[in-house]
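The next block holds one structure in the form of structure tokens; read it before the comments.
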Amino acid sequence: MSEKSKFSFKCLEQKCDTKACHIRPRINVTMGDIARWTSQNYLSQIIPGITLSMPSNENEPLALTTLRKPLESDPKQTACIFYHEESNGCTIRYSRPISCRAFPLEYNGEKYFLSDKNCPGVGEGEVNKDALKEVRDLAEQEYREKIETLAALPGVYSIFMGMMIRQSAEGMKDLSEDDKKHIEDIMSKPSEDDKQDE
Ligand code: SF4
């Protein structure tokens with residue numbers, strides 16, 4: 001986007017009837033969001049709504065995202081878990097993830113672009129230098145935080161998996177011989193899926 005761009009944006013907030021921000025198919029969360037929620041003492045309230053999304057194909061990365069819920073008005077459609085349908089607002093408005101604060105502007109390391117051209121807030125508000133700088137800074141911050149998160153997540157995931165494996169090995173040590181035998185019996189039985197495959 002050049003300096004001559006007429007880009008302007010103002011979130012219509014509760015007056016927005018498209019729900020565009022909240023129904024994006026994936027609301028990414030960054031390590032920066034986690035750090036901010038920790039320093040603001042909000043982490044324990046927000047973290048139950050965050051999940052680690054496993055890749056559905058080899059081109060997709062591991063990602064931290066918000067959980068989803070079906071919309072009451074249209075159960076075939078899902079929205080971010082923090083979306084409050086009745087008030088058409090975000091329940092964590094003042095601590096929302098950077099991807100929501102930057103929406104609908106994104107930055108790809110070279111240029112800025114609109115992630116949702118139908119967002120009705122685009123074209124609203126004043127086109128002054130400060131407002132433009134503010135949205136661009138947010139889009140750049142989101143870009144940097146996304147890259148840091150992508151790099152860090154596989155390592156964090158391995159650490160947690162390692163911890164879980166160690167914990168379950170510790171738990172097995174405390175089991176009686178009878179209990180161990182019982183678990184081995186269960187594990188050695190073919191599952192219903194295995195039976196169907198035979
Ligand atoms: S965190 Fe809030 S602003 Fe962001 S998509 Fe969810 S409900 Fe909307």
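The values are calculated or read from the model by the stated rules, or taken from the named source; none is laboratory data. What you see is a predicted model; the values in this text were computed from it and never measured. Every residue, glycine among them, receives a Cβ derived from its backbone with ideal geometry; neighbour counts consider all protein chains shown. The protein model used for the area step is the full one, side chains on, heavy atoms only, and it has no ligands, DNA or RNA in it. Shrake-Rupley method; radii C 1.70, N 1.55, O 1.52, S 1.80 Å.
Determine the pairs where a residue that is outside any helix (DSSP H, G or I), located within segment 79-100, has a partner that is near the ligand (Cβ under 8 Å from one of its atoms) and among the small types (Gly, Ala, Ser) with Cβ atoms under 8 Å apart, the partner being 6 or more residues away or on another chain.
If the second residue must be near the ligand (Cβ under 8 Å from one of its atoms) and among the small types (Gly, Ala, Ser), the pairs left are 83/89; 85/79.
Using the structure shown, decide if residue 30 is hydroxyl-bearing (Ser, Thr, Tyr), away from the ligand (no atom under 12 Å from the Cβ) and in contact with a helix residue (DSSP H, G or I) (Cβ under 8 Å, 6 or more places away or on another chain).
Details: hydroxyl-bearing (Ser, Thr, Tyr): yes; away from the ligand (no atom under 12 Å from the Cβ): yes; in contact with a helix residue (DSSP H, G or I) (Cβ under 8 Å, 6 or more places away or on another chain): yes.
The answer is yes for residue 30.
Identify, please: which residue in segment 90-107 is open to solvent by less than 70 Å² (accessible area, probe 1.4 Å) and touching a Phe, Trp or Tyr at 6+ places or on another chain (Cβ under 8 Å) and is, among those, farthest from the ligand (Cβ to nearest atom)?
Of segment 90-107, the ones open to solvent by less than 70 Å² (accessible area, probe 1.4 Å) are 90, 92-93, 95-100, 102-107.
Filter once more, so that each one left must be touching a Phe, Trp or Tyr at 6+ places or on another chain (Cβ under 8 Å): 90, 92, 95-96, 104-107.
On the way: 90: 3, 92: 6, 95: 9, 96: 4, 104: 12, 105: 14, 106: 14, 107: 18 Å.
Only one residue fits best here, namely 107.
Touching a helix residue (DSSP H, G or I) at 6+ places or on another chain (Cβ under 9 Å), small (Gly, Ala, Ser) and over 20 Å from residue 35 (Cβ atoms): which single residue out of 95, 115, 99 fits that description? I'd like the intermediate steps shown before the answer.
Details: 95 fails: over 20 Å from residue 35 (Cβ atoms); 99 fails: over 20 Å from residue 35 (Cβ atoms).
Of the residues listed, the single one that is touching a helix residue (DSSP H, G or I) at 6+ places or on another chain (Cβ under 9 Å), small (Gly, Ala, Ser) and over 20 Å from residue 35 (Cβ atoms) is 115.
What are the residues in segment 137-162 that are touching a residue at least 60 places away in the same chain (Cβ under 8 Å) and open to solvent by less than 70 Å² (accessible area, probe 1.4 Å), if any?
141, 142, 145, 146, 149, 152, 153, 154
Consider residue 132 carefully, then state whether it is among the hydrophobic types (A, V, I, L, M, F, W, C), away from the ligand (no atom under 16 Å from the Cβ) and touching a residue at least 40 places away in the same chain (Cβ under 8 Å). Steps first, answer last, please.
On the way: among the hydrophobic types (A, V, I, L, M, F, W, C): yes; away from the ligand (no atom under 16 Å from the Cβ): yes; touching a residue at least 40 places away in the same chain (Cβ under 8 Å): yes.
So residue 132 fits the description; yes.
Return a yes/no flag: does segment 116-129 have any residue that is at negative phi, more than 12 Å from the ligand (Cβ to nearest atom), free of Cβ contacts under 8 Å to residues at least 40 places away in the same chain and open to solvent by less than 80 Å² (accessible area, probe 1.4 Å).
yes
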